[in-house]
1. Can you pull out the residues in the stretch 166-207 that are under 23 Å from the mean Cα position of the chain (by Cα) and of a type in the set (Gly, Ala, Ser)?
2. Report, by residue number, each residue of the stretch 486-500 that is in contact with a Phe, Trp or Tyr (Cβ under 9 Å, 6 or more places away or on another chain) and either closer than 20 Å to LYS141 by Cα or crowded, with 19+ Cβ neighbours inside 10 Å (or both).
3. Which of the residues belonging to the stretch 258-313 are among the polar types (S, T, N, Q) and touching a residue at least 40 places away in the same chain (Cβ under 8 Å)?
4. Might you let me know whether the stretch 245-257 holds any residue that is touching a residue at least 12 places away in the same chain (Cβ under 8 Å) and in contact with a Leu (Cβ under 6 Å, 6 or more places away or on another chain)?
5. What number of residues within the stretch 377-395 are within 14 Å of ILE538 (Cβ to Cβ) and not hydroxyl-bearing (Ser, Thr, Tyr)?
6. In the list ASN465, ASN502, which residue meets the criterion of being out of contact with any Leu (no Cβ under 8 Å at 6 or more places or on another chain) and assigned to a loop (DSSP other than H, G, I, E, B)?
7. What's the number of the only condition in (1) part of a loop (DSSP other than H, G, I, E, B); (2) surrounded by fewer than 21 Cβ atoms within 10 Å (Cβ to Cβ) that HIS571 fails to meet?
8. Kindly check whether there is at least one residue in the stretch 305-328 that is assigned to a loop (DSSP other than H, G, I, E, B), among the small types (Gly, Ala, Ser) and touching a strand residue (DSSP E or B) at 6+ places or on another chain (Cβ under 7 Å).
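The values are calculated or read from the model by the stated rules, or taken from the named source; none is laboratory data. Given the structure is predicted, the values throughout are model-derived calculations rather than measurements. Every residue, glycine as well, gets a Cβ built from its backbone with ideal geometry; the counts of neighbours run over all protein chains shown.
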Amino acid sequence: MKRKYLGSDKRYILKSEKDWAAETHEYLPELCDQLHTAEINRRDFLRQACLLGMAAPVAYGLAGALTGRPFLPQAAAATPKKGGALRVSMRVQEMTDPATFSWTEPANVSRFMVEYLTRTQADNTTVPYLAESWEASDDLKHWVFKLRKGITWSNGDEFTSEDVAHNVNRWLDQDTGSSNLGLFGAMVEEFDTGKKKDGNPVMGKRGIAGAVEVIDKHTIKFNLRNPSLAMPENFYNYPAAIVHRGFGKDYKNDLSANPIGTGPFSLADFAIGEKAILKKTRDWWAGDFYLDEIQYFDHGEDTNAHVAALVSKQVDMIFRLPNQSIETIKRVPHLELHPVTTAQTAVMRFRTSEKPFDNKKLRQAVAACMDHDEILKVAFRGAGVIAENHHVSPIHPEYAKLPPLKRDVEKAKALLKEAGYANGIALEIANGDTEGPWMTDACAVFKQQCEPAGITVNINKMPTNQYWEVWDKAPWGYTAWTHRALGTMVLGLAYRKGVPWNECAYDNPAFDMALDEAEATLDVNERRKKIAVCQKIIQDDAIIPQPFWRTVYKASSKRVKGHNTHPTLYHQFQNVWLDDA
């Protein structure tokens, strides 16, 4: 590997930092040099240094030394108060197996009971949590995680490496049905299931032999098929909560019935579609947790009901604020608005295994009709940025800017003719307004944009729950996706061949290979070149007309202190307290 070294003055500063001598990965000097010479920004340095195992305080100290802008923690506005119940309006969904969670909401309830090896903060840096530290081999194919000692489960059992091994092995078993199978693709291989379909062998996915290696009670090693940079960040994906090693063995796969966890809260009351009441029942291994209770109340599918509950002081916080209610919140004196830039989006994805969307020319014709900017302005009031039909966001560190897409009706007509539909075609898009009525509005605008090309779009508006029953089966559907810290994460979850959340049934070996190469590349500038290949492949294959990236809004009472809005809308309430003065 190419190694660049800093001048003697900066090298002295680096070596004077505590723990710098314990540097474990050969790329860290290169990373420091890139920050010093402005090849990367401070945010990317912090994220990558922490991923490679550097302690967060050391990383922040080095960033300050290298840029001349020391990190100064913001002083607390007031002394936190202990006690009280935080009331949140949010959908209360089934909470059985965290490994198979499909939404953020059940993970927000469970995360105060079952916790994660790592934690990605609101500033997108990933820091230790149940894991005390980690190290990566220089080739990024072996990762060793050291677990914190002295943590116990709520049933009295000790938290050990066996718990972590049990979880990861479950994720890598395709029979579990966890989306983590796609996220941890570097530990997965394809195999012949022995079954046939249309005379062809049916291939499956499974963890490679020796992927998970227990070293001792508090040390676990992960051995990868190919390099991967994002292992620590992957462990904070919301279906990656660590459950007890008896989950699925000594007791059934139902967390709501057996809420054994390492966190300080217990499930006091739970009813799907109604409420989830969490009560602090023991000290937290990580220190103070100011709240005594966290109460979730479900006000139904109508987002206006959630807003009304907040305005009328029935709750202190709303999970997500519909953008049509922004002006309402601004006019209420006791409320605060919290906008956050995210990689949340929705894709009008085609299922490429289903006719007529197995026809690439047809998909390209539909995609050529899209005016992204018009859909953003009309459907979402311009609160976001236009997308580029490849599911990598401008806020992802490895994002590569491609030539802008432009609506081209004549190109769409020509492609439609090449596809065999010279006289036009009628298509149906399924939509459940899973994130709000703006999704129907977006479909309606796109319907109008397609008409001049001879493409009739019929909108199959269905109830939200009904859409989630067919989201990965409908030939054409409009599916919402939440924020992930890295573009490689969402591409691995959604578009790698054979993974559970590949709703497009996408199968392109060139894409899988390009994604493997991007995941294996440390240098963010080099990774950007490799991710550009992934972006272009998806864009050219036209599998996801994607109108825009959303700005997401939360709102809370001014009595709620210490809360930072996470771009994935994860609830991190460890520093939250209530001020009723």
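1. GLY177, SER178, SER179, GLY182, GLY185, ALA186, GLY207
2. Selection gives GLY487, VAL490, LEU491, GLY492, LEU493, ALA494, TYR495, ARG496.
3. THR262, SER266, THR281, GLN295, THR303
4. no
5. Count: 6.
6. The unique qualifying residue is ASN502.
7. It fails just one condition, (2).
8. Within the stretch 305-328, none of the residues are assigned to a loop (DSSP other than H, G, I, E, B), among the small types (Gly, Ala, Ser) and touching a strand residue (DSSP E or B) at 6+ places or on another chain (Cβ under 7 Å).
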